[in-house]
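Following: one structure in structure tokens, then a few remarks.
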Amino acid sequence: MSVEAVQAFGQKEVLTKKEYKPYIVRTNRHGLVRFAIHAGALMASGAAVYASLGTWWIVPSMACHAILMAFLFAPVHECSHRTAFRNRTLNEAVYWIVCLVYMVPPTFFRYAHATHHTYTQVRGWDPDMLPENMTLRDYVLFVLGTTFWRRNFRWLLFHPFGRIDPKQRYYLPDSEIPKVIREARIIMLIYAGVAAAAVYYGSWAPLIYWIVPRFVGEPYMRWLRISEHGDCEESPDLRRNTRTTMTNRLVRCFFWEMPYHAEHHLCPLVPFHALSRLHEKIRDKLHPVGDGYLAVNRQVVGNILSPGSGAMGLDESGRTAGQRSA
Amino acid sequence: MSDWLDVANADDIDEDDVIQVEVEGQVLAIYRLEDGFYATDGICSHAEACLADGFVMDGFIECPLHQGRFEIKTGKARSAPATEDLRTYELKIEGSRILVRLD
Ligand code: FES
């Protein structure tokens, strides 16, 4: 298949360039405010974990802390597009920090994610594609984060030694390989330094406030993220292969507006804070739009259990019940 | 040295904007900045997006697909995932017409 045949498309079908332009304006203010809210919430949940150590309150406080940490995927993603902040140095500095905490290598993630944008929902090309004919076991393993961690550990453990999975080499231009390896080594050194300091001082802090919540929270992020493309059309048409999911303000806030996922794929130059405005403009052209994460996950599981049952809840025009009633 | 080729009308490009032209089988991007007109390859060197679908920002063209950036005047790739420079082309204005030379 030719590259053009599999490259994602759809932006021109929903928006002219003149209409697109006002949405791409980046600011530092929106990114700084959102980052401060996210970091502040993480500090508060970390303090709650500290205060509840040794009591049953550890369960809800750890759950909160873990979920907030999982939501760090959102600034990782936004900074990878360089749309979080107008100031590019600030963008890259925050990108490094959140990548370190979230445990992804910045440059490699940027290329892998770019490839996902180029070939969204094209099997064999899109690196984020869900398994073909997904079974319940695949779904559970995906949500538990096994696929995610297996891939990330490979990146983090093998790249410092120059071993890049041949199947992922096509993401990267040759000229970027030394940078990817150098970054992976720096990350490994930083993690080793944290581990050494923890052992030296006999501190459990990195484990309690970072590592454990990081693992505990990831299934929530996977559960949210399965709705982005799960059960969507397998074609390069971004209006149909990506799902926007309607949700509450709190999730939108900590997910940095990524529930407007179809808008993001169609117009990746638009910063997070303009996505809701863009949604208002183009929502009628998007199919499907999910009616909440629980509903979408139910639909995905429903389709696994009885394939072709129409569990996606779409009518002939590809609209969900929520869209029809909107 | 190749001939000058008539590619577009200068008035068809707004300031800080870009259009795509095809000339002798080659896709070019023609830009209008505050201080004049410029021409580069029209297809992004990273993953083949049409640069004329991108936006001109502070003298750079930002690719519509992955936000790679190129300096318009030099064609230099300045921001990943774009790493390979674009070719730039000689350009002149005659009357209201834009002429470019391909080599
Ligand atoms: S296609 Fe232009 S930066 Fe990727």
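The values are calculated or read from the model by the stated rules, or taken from the named source; none is laboratory data. Keep in mind the model is a prediction, meaning the values are calculated, not measured. Virtual Cβ from ideal backbone geometry, glycine too; neighbours counted across all protein chains shown.
Within the stretch A:49-57, does at least one residue satisfy the condition of being outside any helix (DSSP H, G or I) and of a type in the set (A, V, I, L, M)?
Yes: one or more hits.
So how many residues does the stretch B:72-94 have that are acidic (Asp, Glu) and either within 14 Å of chain A (Cβ to nearest Cβ) or in a helix (DSSP H, G or I) (or both)?
Residues in the stretch B:72-94 being acidic (Asp, Glu) and either within 14 Å of chain A (Cβ to nearest Cβ) or in a helix (DSSP H, G or I) (or both): 2 in total.
Residue by residue, here is whether (1) assigned to a helix (DSSP H, G or I); (2) at the interface with chain B (Cβ under 10 Å from one of its Cβ atoms); (3) surrounded by 12 or more Cβ atoms within 10 Å (Cβ to Cβ) holds:
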| site | (1), (2), (3) |
| --- | --- |
| A:Lys21 | yes, yes, yes |
| A:Arg34 | yes, no, yes |
| A:Gly40 | yes, no, no |
| A:Ser45 | yes, no, yes |
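Are any of the residues in the stretch B:20-30 closer than 23 Å to A:Pro271 by Cα, within 14 Å of chain A (Cβ to nearest Cβ) and assigned to a strand (DSSP E or B)?
No, that holds for no residue.
Filtering the stretch B:40-51 down to residues that are in contact (Cβ under 8 Å) with a residue 24 or more places away in the chain and farther than 22 Å from A:His264 by Cα, which residue is nearest to the ligand (Cβ to nearest atom)?
Restricting to residues being in contact (Cβ under 8 Å) with a residue 24 or more places away in the chain and farther than 22 Å from A:His264 by Cα, the top hit is B:Ser45.
Output yes when any residue across the stretch B:52-63 is away from chain A (no Cβ under 14 Å), crowded, with 19+ Cβ neighbours inside 10 Å, more than 9 Å from the ligand (Cβ to nearest atom) and farther than 23 Å from A:Thr120 by Cα, and no when none is.
no
Yes or no, residue by residue, for (1) away from the ligand (no atom under 14 Å from the Cβ); (2) of a type in the set (D, E, K, R):
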residue	(1), (2)
B:Val21	yes, no
B:Gln26	yes, no
B:Asp35	yes, yes
B:Tyr38	yes, no
B:Arg78	no, yes
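Of the residues A:Gly162, A:Gly145, which is in contact (Cβ under 8 Å) with a residue 60 or more places away in the chain and on the phi > 0 side of the Ramachandran plot?
Criteria check complete, one pass: A:Gly145.
Could you count how many residues in the stretch A:2-19 are without any contact (Cβ under 8 Å) to a residue 60 or more places away in the chain and within 10 Å of chain B (Cβ to nearest Cβ)?
Looking only at that region, the number is 5.
Can you work out which of the residues in the stretch B:31-44 that are closer than 20 Å to B:Glu84 by Cβ and crowded, with 20+ Cβ neighbours inside 10 Å is nearest to the other protein chains (Cβ to nearest Cβ)?
Among those that are closer than 20 Å to B:Glu84 by Cβ and crowded, with 20+ Cβ neighbours inside 10 Å, it is B:Cys44.
Restricting to the stretch A:85-98, what's the tally of residues that are in a helix (DSSP H, G or I) and touching a residue at least 24 places away in the same chain (Cβ under 8 Å)?
4
So if I check each of A:Arg151, A:Arg182, which one is away from the ligand (no atom under 16 Å from the Cβ), under 22 Å from the mean Cα position of the chain (by Cα) and assigned to a helix (DSSP H, G or I)?
A:Arg151
So in the stretch A:287-318, with the set limited to residues that are modelled with pLDDT under 50 and in contact with an Asp or Glu (Cβ under 9 Å, 6 or more places away or on another chain), which one is nearest to A:Glu13 (Cα to Cα)?
Step by step, filter the stretch A:287-318, then rank; the result is A:Gly318.
Scan the stretch A:124-137 for residues that are in a loop (DSSP other than H, G, I, E, B) and more than 15 Å from A:Tyr171 (Cα to Cα) and jot them down.
A:Leu130, A:Pro131, A:Glu132, A:Asn133, A:Met134, A:Thr135
Counting only residues that are under 23 Å from A:Ile177 (Cβ atoms), within 14 Å of another protein chain (Cβ to nearest Cβ) and among the polar types (S, T, N, Q), how many does the stretch A:115-164 have?
The qualifying residues number 2.
Any residue that is surrounded by 15 or more Cβ atoms within 10 Å (Cβ to Cβ) and away from the ligand (no atom under 16 Å from the Cβ) - is there at least one of those in the stretch A:114-125?
yes
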